[in-house]
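Accompanying notes for the structure given below.
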Amino acid sequence: MKSLNDSLREEFDEILDKEEYKKIIKDKNLDLNVLRKAFDTLLKYKSDAEAIDKSKTEFENYLINYFKVQKNDN
């Protein structure tokens, strides 16, 4: 039996697989693994209503740090 997180990940992957998002991902040269890992940071705190802000902050920090590293590597 799938967990709620598994179902949400599956739904997220279905969205990423839509042509309109595939085009954006390709045009912006985004890394699908990074998007998925960032999504996982949102899922980590989803069950705690008081941690919603923390979830958003973790999500933003994950992406910001990733892009900083990418910028420094180039």
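The values are calculated or read from the model by the stated rules, or taken from the named source; none is laboratory data. Computed from a predicted model, the values in this text were never measured in an experiment. Heads up, the Cβs are rebuilt from the backbone with ideal geometry, glycines too, and the neighbour counts pull from every protein chain shown. Heavy atoms of the whole protein, side chains included, go into the accessibility calculation; ligands, DNA and RNA do not. Shrake-Rupley method; radii C 1.70, N 1.55, O 1.52, S 1.80 Å.
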Accessible surface of the chain, 1.4 Å probe, proportion on carbon and sulfur as whole %: 51 percent
Inter-label distance for Ala49 and Ile64, nm, one decimal - labels placed 7 Å from Cα along Cα-to-Cβ: 2.8 nm
Residues of the chain: accessible area per residue with a 1.4 Å probe, Å²: 83 Å²
Relative contact order of the chain, pairs being alpha-carbon contacts under 8 Å that are 6 or more residues apart, as %: 22 percent
Pairs beyond 30 Å (Cα-Cα), from Lys2/Lys54; Lys2/Lys28; Lys22/Lys44: Lys2/Lys28
Span-like helix ranges in the chain, DSSP H, alpha carbon extent 15 angstrom or more, Kyte mean at least -0.5: 32-44
Cα-centre dipole for the chain with unit charges at Cβ (Lys and Arg positive, Asp and Glu negative), debye to 20: 260 debye
Helix-only mean residue ellipticity at 222 nm for the chain, each DSSP H run of n ≥ 4 adding -39500 (n - 2.57), per residue, nearest 500: -25000 deg cm²/dmol
Length added when fully stretched, Asn29-Leu4, from 0.36 nm per residue minus Cα-Cα: 6.0 nm
Relative intensity, log₁₀ I(q)/I(0), of the chain from a Debye sum that treats every alpha carbon as a point, q = 0.17 Å⁻¹: -0.75
